[in-house]
Amino acid sequence: MTGTSGWVADGRTGPTGTPLIRSPRDLEEARKRFLASYQAVQKYISVCGGTGCRGGGCLAVAQAIRDVVREEGLEQTLPVRLTGCHGFCERGPIVVIYPQKIFYQQVKPIHARKIVTRSAVAGEVLEDLLYKAPDTKEAIPHEEDIPFYRKQMRLVFGRNGAIDPENIEDYIALGGYSALVKALFSMQPDEIIEEVKRSGLRGRGGGGFPTGRKWASMKKAPSPDGRRFVICNADEGDPGAFMDRSLIEGNPHSVIEGMIIGAYAMGATAGYVYIRREYPLALQTLTTALRQAREYGFLGQDILGSGFSFDIGINRGGGAFVCGESTALMASMEGKVGEPRPKYVHTVEKGLWDRPTCLNNVETWANVPLIIARGADWYAGIGTDKSKGTKIFSLVGKVNNTGLIEVPMGITLREVIFEIGGGIQKGRRFKAVQTGGPSGGVIPESLLDLPVDFDRLTEVGSMMGSGGMIVMDDRTCMVDVARYFLQFLTEESCGKCVPCREGVRRVKEIVERICRGEGRMSDLRLIEEMAPEIADGSLCGLGQSAPNPVITSIRYFREEWEAHVRDRKCPAGVCKDLITYSIDPVKCTGCMACVKPCPQQCITGERKKPHVLDASRCIKCGACYEVCKYDAVLRQ
């Protein structure tokens with residue numbers, strides 16, 4: 001997709017006829033024109049085009065809205081923008097009417113005409129499409145007033161709903177690449193690194209290492225032939241995590257701009273984005289953005305006339321979770337098996353092809369333009385003492401409002417889950433939240449007021465990770481949760497080092513035995529003895545953090561583990577080998593609700609008379625338990 005303003009800088013054009021910007025003055029003139037074009041139409045319709053909303057049919061919604069706009073002759077006065085993810089994935093497809101920011105949710109193509117004619121044109125608020133608060137049922141028209149958005153601070157993610165990710169002119173119009181101009185023409189490389197240091201930015205990929213320190217080390221490292229590289233890690237593999245994917249899908253130029261600034265500061269000669277092959281939309285958007293960045297002069301030779309040359313390529317990952325680790329990722333890029341190497345050789349000194357290499361994740365790079373444009377002091381004023389800025393989380397699980405959120409560091413888990421997340425589904429009781437992905441830990445209700453930052457999460461046995469946050473209710477079995485994550489980590493271990501390859505597998509086998517009712521009390525002590533040995537002896541972060549889910553689960557939910565071992569019971573009713581279903585003849589009203597969903601047809605009885613469940617045929621699917629309104633189905 002090319003630009004739409006028709007502006008050409010000094011008559012020069014790129015390889016496809018797109019304007020080629022050759023200087024800061026060109027960029028400023030372009031920005032004025034693009035901004036004028038962007039603001040010329042005060043009213044427009046934004047349709048969320050993220051992967052989640054696409055799964056819900058947003059493309060059909062966008063096309064239906066465009067058809068009505070065309071039929072009504074409004075193409076010039078009411079543009080329709082297909083944007084990136086708005087975050088509130090639970091309520092997609094999402095449509096927002098600007099400039100009032102009227103938020104419509106769960107929109108279908110049949111709603112297109114009234115959205116255009118009655119809402120966008122006539123100014124009517126369509127109450128049936130508004131978000132309604134779960135507790136009061138109050139309809140909330142404006143996006144910023146919805147509890148899900150109200151406590152967020154959307155610094156990195158905020159432009160997702162306002163720009164077309166495949167039109168570079170939208171990004172430029174709203175200030176894009178101005179930080180690059182400041183870096184190239186008003187700052188020395190060491191000044192840029194110092195600014196990133198003072199900002200307190202820490203890596204958002206999981207480790208939380210100070211970004212400025214990493215950059216300084218990379219810049220000092222010698223290279224035998226002058227080549228040095230920067231890499232963007234977009235190999236997002238945590239179950240339930242989709243922050244990086246959505247950021248690339250919705251605002252790829254923020255990541256590209258950050259990489260160019262970092263490359264200039266560290267003297268890098270080339271950059272790469274290592275992205276999951278399973279992210280087709282992100283890959284498409286990124287490919288388009290890189291092409292446009294080259295055509296407009298932000299990548300390639302002599303960027304903006306500064307004398308600095310740099311370009312970015314794409315490397316597609318094969319889906320191995322371990323390749324999210326820096327050295328395994330670089331080995332994969334070199335065409336080798338994706339295995340980590342010992343950490344005594346730092347990648348900033350000898351990384352990709354044994355050259356100095358700086359790897360940061362998607363969100364880290366996207367923070368860089370904000371820091372350079374607004375200053376380190378501004379950024380350092382957000383967050384906690386040792387964790388600055390904001391963090392994007394994928395809030396999923398048994399919470400009412402699921403999706404992507406961006407919050408300031410230091411916000412409490414209670415605020416995230418009960419204010420932004422809207423509390424637990426179906427009014428059930430909160431039990432735990434898993435942070436940090438499969439290698440993170442589970443955090444119980446007693447720690448809900450814990451501030452969310454790198455150090456506080458580590459103190460309680462969990463971690464920030466890349467930003468996954470899975471909420472669990474009282475029907476979740478913590479032993480089964482540990483089993484699930486151990487299974488995932490066992491499958492994803494590269495197998496290079498014995499502590500991870502064998503140790504995690506042995507712990508998984510013990511936990512599986514406990515889930516079958518074959519555990520011994522000595523098993524819990526054995527797990528607690530093995531965990532630190534696995535962590536200390538493993539080569540990379542996968543093995544070093546693999547014990548976290550099971551250890552925190554035992555620490556905070558020991559009674560539940562002991563019930564599995566001592567009583568051969570699963571209190572949450574999840575582990576099938578430890579539960580049985582029956583029907584209480586006193587409570588059963590004979591309503592027949594449990595009969596239909598039973599896949600084995602093992603429930604019999606006449607209407608208005610107590611039913612009977614044949615336990616010998618029951619597969620313990622729990623369907624009868626879920627539908628019974630009278631608590632007559634017993635799970636023991």
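Name the shape class, rounded, prolate or oblate, that the alpha-carbon gyration tensor gives for the range 168-380, where a ≥ b ≥ c are the square roots of its eigenvalues, rounded holds for a/c under 1.5, and otherwise prolate holds if a/b is larger than b/c and oblate otherwise. Rounded, since a/c falls under 1.5. From the Kirkwood radius over Cα pairs of the chain, Stokes-Einstein at 4 °C and 1.567 mPa s returns a whole-number translational diffusion coefficient of 49 µm²/s. Between the Cα long axis of helix 280-295 and the first principal axis of the chain there is an angle of about 10°, rounded to the nearest 10. When peptides 31-42, 561-572 are ranked by their average number of other Cβ atoms within 10 Å per residue, the highest-first order is 561-572, 31-42. Checking every one of the trypsin sites (Lys or Arg not before Pro) in the range 385-431 against DSSP loop status and a limit of 10 other Cβ atoms within 10 Å picks out Arg429.
The residues neighbouring Ala139, those whose beta-carbon lies less than 10 Å from its own, together hold a net charge of -1 under the Lys/Arg +1, Asp/Glu -1 convention. Dipole of the range 479-567 computed with +1 at Lys/Arg Cβ and -1 at Asp/Glu Cβ about the Cα centre; of Leu526, Gly543, Tyr484, farthest Cα towards the positive end is Gly543.
Comparing Cα centroids, the range 213-257 and the range 282-344 end up 7 angstrom apart. Each residue, Gln63 and Glu124, gets one label point 7 Å from its Cα in the Cβ direction; the gap between the two is 2.7 nm. Taking the longest Cα principal axis of the chain as reference, the axis of helix 478-492 is set at about 50 degrees. Centroid-to-centroid, using Cα positions, the range 460-481 and the range 578-636 are 31 Å apart. Step through the table entries Lys214/Lys431; Lys336/Lys386; Lys114/Lys398; Lys431/Lys629; Lys214/Lys391; Lys431/Lys576, compare each Cα-Cα distance with 27 Å, and write down the pairs that go over it. From Lys214/Lys431; Lys336/Lys386; Lys114/Lys398; Lys431/Lys629; Lys214/Lys391; Lys431/Lys576, over 27 Å: Lys214/Lys431; Lys336/Lys386; Lys114/Lys398. Packing, as the average of other Cβ atoms within 10 Å across residues, places the peptides 231-237, 542-548, 149-155 in the order 231-237, 542-548, 149-155, highest first. Dipole size of the chain about its Cα centre, with +1 on Lys/Arg Cβ and -1 on Asp/Glu Cβ: approximately 920 debye, rounded to the nearest 20. Per the Kirkwood formula applied to alpha carbons, the range 390-476 shows a radius of gyration over Rh ratio, Rg over Rh, of 0.92. Relative protection proxy for 244-257, 504-517, from highest mean packing down: 244-257, 504-517 (other beta-carbon atoms within 10 angstrom). Once a ≥ b ≥ c are taken as the square roots of the eigenvalues of the Cα gyration tensor of the range 317-390, is the result rounded (a/c under 1.5), prolate (a/b larger than b/c) or oblate (a/b not larger than b/c)? Prolate shape, in that a/c is at least 1.5 and a/b is the bigger ratio. The long axis of helix 521-537 is offset from the longest Cα principal axis of the chain by roughly 20 degrees. Contact order, relative form, for the range 160-271: 37 percent (alpha carbon pairs under 8 Å, 6 or more residues apart, mean separation divided by residue count).
When DSSP beta bridges are restricted to pairs lying wholly in the chain, around 60% turn out antiparallel. Across the chain, Cα pairs under 8 Å and at least six residues apart give a relative contact order of 12 percent. In this Cβ point-charge picture (+1 for Lys and Arg, -1 for Asp and Glu), the range 488-636 has a dipole of about 680 debye about its Cα centre. Calculated on the alpha-carbon coordinates, the convex hull of the range 331-486 measures out at 154 cubic angstrom per residue.
Each value in this text was obtained by applying a stated rule to the coordinates, not by laboratory testing. Not measured: the values here are computed from a predicted model. Here Cβ is always computed from backbone atoms with ideal geometry, including for glycine, and neighbour counts include all displayed protein chains.
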